[in-house]
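Take a look at the structure below.
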Amino acid sequence: MTDSTSVRTRAAGKRQRLMAAAARVLHQQGVERTTIADIAQAADVPVGNVYYYFKTKDALVLAALTEHARGFTELTAELERLDDPIERLKVLVCTWIGQRDIAARFGCPAGTLAMELDKREEGGLDIEAGKLIRQALDWTERQFRALGRADAADLALTLISGYQGMSVMSNALRDPDVMTREGARLNRWLDSLKPRK
């Protein structure tokens, strides 16, 4: 490996570490309470180096949103390996349940960031955060369409609203079991939508 290739590889690694740290820290602390230094520390990158990759805190927020979107894309790519759309959706719900302790402490990453960014006077990032919710809606709607459901958009809205609601309630009550109970209810609902043979 040449020196320039090695430098590019290290730079890409630092950038990715910063993006992952931004996604995690902004979710846990919120946008307003998080500093660039907090993200740098979590990524194990000197604060001065952060500005080489991200010029502003808003650029880091956008990077965090991008990281969350990438994570959802990777998850759904794995789910697409399952033949049955209902099973894909049920595994998605089980994934949410598996994150119950994080949801109880910090809420849903997409939902909490969307709400927080919507309250800011400067615009733009709230729309980007909303795209995370839209990404989840679009993917779930495609699953319901694959079942031949004419009401696929409504069913997707019900499922994603259920997730957002259980995340908010779990967080507000600091009770991970809310995610478990509501996730099980969502999976029973999904079972009821299976086509009759």
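The values are calculated or read from the model by the stated rules, or taken from the named source; none is laboratory data. Everything numeric here is computed off the predicted structure, so don't read it as measured data. Please note: Cβ atoms are built from the backbone with ideal geometry, for glycine as well, and neighbour counts cover all protein chains shown. Heavy atoms of the whole protein, side chains included, go into the accessibility calculation; ligands, DNA and RNA do not. Shrake-Rupley method; radii C 1.70, N 1.55, O 1.52, S 1.80 Å.
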Dipole of segment 7-119, Cα-centred, from +1 at each Lys and Arg C-beta and -1 at each Asp and Glu C-beta, to the nearest 20 debye?
500 debye
Would you tally the net charge around residue 65, using a Cβ to Cβ cut-off of less than 9 Å, leaving residue 65 out, and scoring K and R as +1, D and E as -1?
-1
Using heavy-atom solvent-accessible surface (probe 1.4 Å) with all chains present, what is the largest-first order of 81, 120, 185?
81, 185, 120
Count the net charge of all other residues whose Cβ sits under 12 Å from the Cβ of residue 97, scoring Lys and Arg as +1 and Asp and Glu as -1.
+1
When the chain is fully extended, how far beyond the present Cα-Cα distance does residue 184 get from residue 172, taking 0.36 nm per residue of separation?
2.4 nm
Relative contact order for the chain: what percent, with Cα pairs under 8 Å and sequence separation of 6 or more?
22 percent
Cα centroid separation - segment 44-122 against segment 140-168, whole Å
19 Å
Given a 1.4 Å probe and every protein chain left where it sits, what share in percent of the accessible area of the chain is carbon and sulfur?
55 percent
Quick one: Karplus J couplings for segment 52-64, per residue in order, coefficients 6.51, -1.76, 1.60, θ = phi - 60°, nearest Hz, x for Gly and Pro?
5, 9, 9, 6, 9, 5, 4, 5, 5, 4, 4, 4, 5
62, 155, ranked by accessible area, largest first (probe 1.4 Å)
62, 155
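Where only protein heavy atoms count, and the probe is 1.4 Å, what is the accessible area per residue for the chain in Å²?
Solvent-accessible surface per residue comes out at 55 Å².
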Using a 1.4 angstrom probe on the protein heavy atoms only, line up 96, 189 by accessible area, largest first.
189, 96
Could you give me the percent of Cα pairs per 10 Å distance bin for the chain, shortest bin first, beginning at zero and ending with the bin that holds the maximum distance?
9, 31, 32, 19, 8, 2, 0
As a test question: what accessible area, to the nearest 10 Å², does residue 168 have when a 1.4 Å probe is rolled over all protein chains in place?
80 Å²
Report the full-extension gain for the segment residue 49 to residue 16: residue separation times 0.36 nm, less the Cα-Cα distance, to one decimal in nm.
10.6 nm
Angle between the Cα long axis of helix 177-192 and the longest principal axis of the chain, 0 to 90 degrees, nearest 10?
50 degrees
So residue 154 and residue 142, fully extended at 0.36 nm per residue minus their Cα-Cα distance, gain in nm 3.2 nm
Helix 85-98 against the longest principal axis of the chain: what's the angle in degrees, Cα atoms only, rounded to the nearest 10?
50 degrees
Among 55/131; 131/194; 14/131; 55/119; 14/90, which pairs are too far apart, with a Cα-Cα distance over 31 Å?
14/90
